[in-house]
Each structure stands twice: as structure tokens, then as C-alpha cells.
1. Send over the Kirkwood Rh of chain B, from the inverse of the averaged 1/r over different Cα pairs, rounded to one decimal Å.
2. Taking the full set of protein chains and a 1.4 angstrom probe, give the accessible area of A:Tyr74 in square angstrom, rounded to the nearest 10.
3. With every protein chain left in place, what is the accessible area per residue of the range B:21-144 in square angstrom, probe 1.4 Å?
4. Principal axis lengths of the range A:26-140 from Cα atoms, whole Å, largest first?
5. For peptide A:69-81, what's the mean number of Cβ atoms from other chains within 10 Å of each residue's Cβ?
6. Summarise the partner chain shielding of B:73-85 as one whole number: the mean count of Cβ atoms from other chains within 10 Å of each residue's Cβ.
7. Out of every Cα pair in the range B:51-133, what percent are spaced more than 22 Å from each other?
8. Between B:Arg14 and B:Asn45, take the C-beta separation as r, use R0 = 51 Å, and let me know the FRET efficiency to the nearest 0.05.
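The values are calculated or read from the model by the stated rules, or taken from the named source; none is laboratory data. Treat the numbers as computed from the prediction; the structure is a model and nothing was measured. Neighbour counts are summed over all protein chains in view; Cβ atoms, including those assigned to glycine, are modelled from backbone coordinates with ideal geometry. Ligands, DNA and RNA are stripped out before the accessible areas are found, and what is left, the full protein with its side chains, is counted by its heavy atoms. Shrake-Rupley method; radii C 1.70, N 1.55, O 1.52, S 1.80 Å.
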Amino acid sequence: MSSQAARSGAATAGRIPAPKRPAGTLYRGREGMWSWVLHRITGTAIFFFLLVHILDTSLIRLDAAAYDAVIGTYKTPIMGLGELALVAAIGLHALNGLRVIAIDFTQWGVKHQRLMFWIAIALWVVLMLGFAPRHLMHVFGGE
Amino acid sequence: MTTIEAPRSRPTRRRGVNWEKWGWLYMRFSGILLVVLIFGHLLVNLFLGDGVSAIDFAFVAGKLADPFWIVWDTLLLWLALIHGANGMRTLTNDYARGKLRVVLLVLLAGATVVLLVLGTLVLTTFDPCIGDSTVDALIEACAAQ
């Protein structure tokens, strides 16, 4: 314990017990940290998809057959699962992003950030339950 | 060398535009718009109708025949790419050091500018009659012009 912590500890003696082992904080290992981790990972994944997506869509300006050939690869089973992951990432990033906005601009948001994390997860589950079966039918249903 | 200010010292106000503040605000406000724009995009392209299996040249040409979707997609392109690039800038500043950081930032800025120009040109100059169309209805419509 540093001397500063010892001094402030004396002032509040008996109220806050010293942790016996390195403990988490209000942030570390909790919802706030994991939402931050998820936001960075999903954001990075979405960004790299966006780069590719702008390039493949640009083929529409050059040649219809070339566009159809490239977009055809989006309909394969592996890419179909990739699209499911993409929508999952976008859903998490969007819902958690709205949570971040509420935290940054409202006191209510700061107070209820933990509740909002779990609401975001719940809404995300509902979103995926609605999207996944329909999308998988489009990909695997055959045509 | 980064120095850490003494606690509770007044923030030093630099002159000029506070770009970090505007970038921070941009992430929030573009984020709200992007929720609408991206979920609308996903709804029409991946959920309604036959979803991804229906997407081909004719599908996109049909959408881009309507100015509504040209405006929608142009907003999507600019808001999403700048939002994404600014986010990657944050990650690069957090995780890369020295020369690597500068190289990554230059690459990021270059890719962003190139794709913004490319995407905008595609959306504003799109012509369904360019190239050899394999869609009968389109061949007829273009021949009639």
C-alpha cells in the first residue's frame, strides 16, 4: 500500500476493507470493460468488411457480369455464415454504441450503464433470433 | 515524451479548432444516423424478399434508378467510412508506436480518401446501360433509349 493510500485509509478506517488479493475495480473485468473490448473488436471487423464492400460494389459501375460473379461469392455457404457474423458484429456495435451515447450525454446513462449493457445483449439476441433463421434459409435453402 | 499533468490542474486551452472534440462528437452523431442507415440497408438487402440470394446487377440497378437510394447510399458511404476510419485512427494511436503508427495512419487516410472518391463516383455516375447486360429487361430498356 502506498503512503498516500495509507493516509486516506486512516481517514476512512474500518469502512473499506483492504483487498486480500489483487481485486478488480468497478471497471476491470466487468460489463464496462467487456463492452469496450467488444466495441473495438466488432468495429475493426466491420471496418475491414466496409473496405472490401465498397470495392466489390464499385464493380457495378464497370460490368454487370463481373458484378454478378463477385456478388455470387456472397451467396456461398461460407460467406453466408460470414454475413451472419457481420450482422452479429454490426448489431452489437450499434446497440452498444447507443449505450455509449446515453452514458456520454445523460446522467441517467452513467447510473444505469450496467443495466443498459444487458439490455443491449438481450436486444441483440432478439435481433439475431429474427435474422439468423431467415438468412440461413436464403443461403442454404437452395434456389 | 509525454508528461502527465498534476491532478486538478486546469486544462490548457490551445488556440484553434479542437479537432479531437469534433471527432468525438462526430462518432456519436454519425453513430445515431448509421443505426438507421445500416439497419435500413440490411433490411432491404439481406432480410426482405429473397435476401442475399436475390442480389445481382439488376437488383442494385433497380435500387439506384431511384434517387432515394442514391442519397441513402451516399450518406451511408461517407458517414460509415469516416466513422470507421476515425475509429481505426483511435486504435492505431492506442496500439502502434513510432514509425509504424505514422505509416498506418498514412495508409488509413489514403485508403479512406480513395474509397470515398471511388464510391461517390460510382454512385453519381452509375448507368445501367454500361457494359454487356445479361438481363433481358435491361437490354430492352437500354436499346429503347
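1. 19.0 Å
2. 20 Å²
3. Here the per-residue accessible area is 54 Å².
4. Computed over the range A:26-140, the largest-to-smallest principal extents equal 54, 28, 22 Å.
5. Shielding by partners across A:69-81 averages 2.
6. For peptide B:73-85, the averaged partner shielding equals 2.
7. 44 percent
8. The computed FRET efficiency comes out at 0.70.
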